[in-house]
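The values are calculated or read from the model by the stated rules, or taken from the named source; none is laboratory data. All values reported here derive from a predicted model rather than from experimental measurement. Because the Cβ atoms are built from the backbone with ideal geometry, glycine has one as well, and the counts that use them run over all protein chains shown.
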Amino acid sequence: MPTSAQPPPPTPSDGSPEPVRWGFLATGKIARSVAADLALVPSSRLVAVGARRQESADAFVAEHAPGARAHGSYADLVTDPDVEVVYVASPHALHLEHARMAIEAGKHVLCEKPLTLDLPTATEMVRLAREHDVFLMEAMWTACHPVVLEVRRRLLARELGTPRQLRAELGFVVAADPDDRLLDPALGAGALLDMGIYPLTLAHLLLGEPEHLVATAALSDRGVDLDVAIAGRYPGGALATLSASMTSWSDRSAALATDRGRLELHGQFHHPEKAVFRPFRAGSTNDASGYDEPFEIHGSEPVVGRGYAHEVAEVDRCVRAGLRESPLVPHAQTLAIMAQLDDVRRQVGVTYDAT
Ligand SMILES: NC(=O)c1ccc[n+]([C@@H]2O[C@H](COP(=O)([O-])OP(=O)(O)OC[C@H]3O[C@@H](n4cnc5c(N)ncnc54)[C@H](OP(=O)(O)O)[C@@H]3O)[C@@H](O)[C@H]2O)c1
């Protein structure tokens with residue numbers, strides 16, 4: 001039951017659309033980060049939060065969503081008549097169950113990545129959204145990030161040359177309890193779905209759909225992929241080496257060599273601060289003196305918050321425009337990358353009981 005009531009938002013007097021009213025399903029780590037960024041987005045308002053226990057919802061509201069209603073069940077959250085968009089922030093193995101609840105209640109959905117554990121269940125979520133005529137987007141914030149979008153635009157416009165070699169790595173040491181979602185196979189544990197989805201997405205965004213992926217992995221004694229390495233061949237003969245790790249620290253960097261120079265994503269590649277391109281000097285050999293002056297690439301708008309604000313704003317824009325999917329994270333792209341994850345999992349021998 002709700003413990004705190006909030007009046008409906010006032011209609012802005014300047015003629016701008018009413019803020020989109022969000023409800024958060026789950027109160028874990030990512031929900032906290034996204035709530036902080038959502039507070040920076042003028043087109044959004046967090047009006048309700050749902051947790052499995054009332055105390056968790058109350059605590060989240062007190063700390064991260066002052067004034068929102070706190071629901072002690074997900075069912076109460078998705079049937080809250082004031083909520084327009086449900087943000088599903090539970091472990092991946094539960095995304096379909098929780099998105100289904102929201103979709104069947106007629107809510108638009110932003111669902112954390114990966115959309116589900118495999119292609120058949122992801123396809124089912126997309127089917128459900130279409131059947132109920134609601135908006136659905138995977139929370140692939142990298143694809144909404146201003147710097148990534150600008151790099152992609154310049155590559156597509158051939159301003160940076162033809163891509164030849166991409167390297168991207170994401171990893172950190174997971175020191176968690178065995179029943180934590182990062183280590184528990186029942187909740188979809190594994191470096192590939194948690195982290196490897198980012199290098200695969202970056203490659204997909206910058207190079208296109210892969211023609212061929214080969215993968216190897218080191219598995220835990222519970223069959224969880226702790227470390228994954230992937231090599232991919234992309235259209236035009238571009239190659240990618242991509243990795244994810246739950247046992248080691250990576251610098252979370254990415255670099256793309258083209259036939260005209262070298263592009264580096266600064267900061268963490270899946271939400272970079274900026275990109276820097278160093279053009280090769282014509283006729284020189286590829287050593288330190290072989291580059292012209294580097295130039296920086298920034299997004300068309302500044303990065304807001306930690307970068308989640310851009311996916312939130314994209315959902316608001318789409319919902320207010322009556323769209324059912326985002327052009328930045330279209331269903332086909334989400335499903336194509338899910339098929340790549342399935343392919344890699346098959347190659348390295350990781351299965352999930354839940355699917
Ligand atoms: N976009 C990003 O940068 C990013 C970063 C991290 C994670 N993620 C994604 O976000 C999702 C959640 O990750 P997280 O790091 O926030 O996980 P987390 O800290 O473990 O939180 C997960 C939340 O899910 C809810 N939940 C419902 N059923 C559960 C169950 N059986 N076991 C555990 N939790 C359950 C719980 O919320 P209540 O107790 O409130 O019900 C819990 O707090 C994952 O799919 C992950 O891939 C995305």
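Points to keep in mind about this one:
- Any hit, the range 159-166, residues being among the hydroxyl-bearing types (Ser, Thr, Tyr), within 11 Å of the ligand (Cβ to nearest atom) and under 30 Å from Ser300 (Cα atoms): no
- Residue check for Phe277: among the aromatic types (Phe, Trp, Tyr) and within 16 Å of the ligand (Cβ to nearest atom): no
Residue-wise test of (1) more than 19 Å from the chain's Cα centre (by Cα); (2) closer than 21 Å to Arg21 by Cα.
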site	(1), (2)
Ala39	no, yes
Pro42	yes, yes
Val86	no, yes
His145	no, no
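- Any hit, the range 4-21, residues being closer than 25 Å to His271 by Cα, within 16 Å of the ligand (Cβ to nearest atom) and modelled with pLDDT of 95 or more: no
- Some residue of the range 170-179 being of a type outside the set (Phe, Trp, Tyr), in contact with a helix residue (DSSP H, G or I) (Cβ under 9 Å, 6 or more places away or on another chain), within 10 Å of the ligand (Cβ to nearest atom) and at negative phi: yes
- Top-ranked residue of the range 56-70 - restricted to ones that are within 10 Å of the ligand (Cβ to nearest atom) and surrounded by 20 or more Cβ atoms within 10 Å (Cβ to Cβ), ranked as nearest to Ala105 (Cα to Cα): Ala57
- Here Val78 meets each of (1) buried (at least 21 other Cβ atoms within 10 Å of the Cβ); (2) touching a residue at least 60 places away in the same chain (Cβ under 8 Å) with one exception, condition (2).
- Answer from Asp292, Asp287, Asp316 - the residue that is loosely packed, with under 15 Cβ neighbours inside 10 Å, of a type outside the set (Gly, Ala, Ser) and either in contact with a Phe, Trp or Tyr (Cβ under 8 Å, 6 or more places away or on another chain) or modelled with pLDDT of 95 or more (or both): Asp292
- Residue list for the range 305-350, filter: basic (Lys, Arg) and closer than 18 Å to Asp133 by Cα: Arg317, Arg320, Arg324
- Scanning the range 291-343 for residues that are out of contact with any His (no Cβ under 9 Å at 6 or more places or on another chain) and charged (D, E, K, R) yields a count of 8.
- The residue list Gly223, Gly236, Gly299, Gly232 contains one member that is out of contact with any strand residue (DSSP E or B) (no Cβ under 9 Å at 6 or more places or on another chain) and either outside any strand (DSSP E or B) or outside the structural domain of Ala39 (by TED's automatic domain parsing) (or both), which is Gly223.
- Of all the listed residues (Leu149, Leu155, Leu202), the sole one being closer than 23 Å to Cys318 by Cβ, part of a helix (DSSP H, G or I), more than 14 Å from the ligand (Cβ to nearest atom) and touching a Leu at 6+ places or on another chain (Cβ under 9 Å) is Leu149.
- Residue among Ala244, Ala275, Ala336, Ala332 that is without any contact (Cβ under 8 Å) to a residue 12 or more places away in the chain and either crowded, with 19+ Cβ neighbours inside 10 Å or not in a loop (DSSP other than H, G, I, E, B) (or both): Ala332
- If the condition is being more than 25 Å from Ser43 (Cβ to Cβ), within 8 Å of the ligand (Cβ to nearest atom) and crowded, with 23+ Cβ neighbours inside 10 Å, then the range 91-125 contributes His92, Pro114.
- For Ile197, the criteria (1) touching an Asp or Glu at 6+ places or on another chain (Cβ under 9 Å); (2) within 15 Å of the ligand (Cβ to nearest atom) hold in every case but one, which is (1).
- The one condition in (1) touching a Gly at 6+ places or on another chain (Cβ under 7 Å); (2) near the ligand (Cβ under 10 Å from one of its atoms); (3) not basic (Lys, Arg) that Val86 fails to fulfil: (2)
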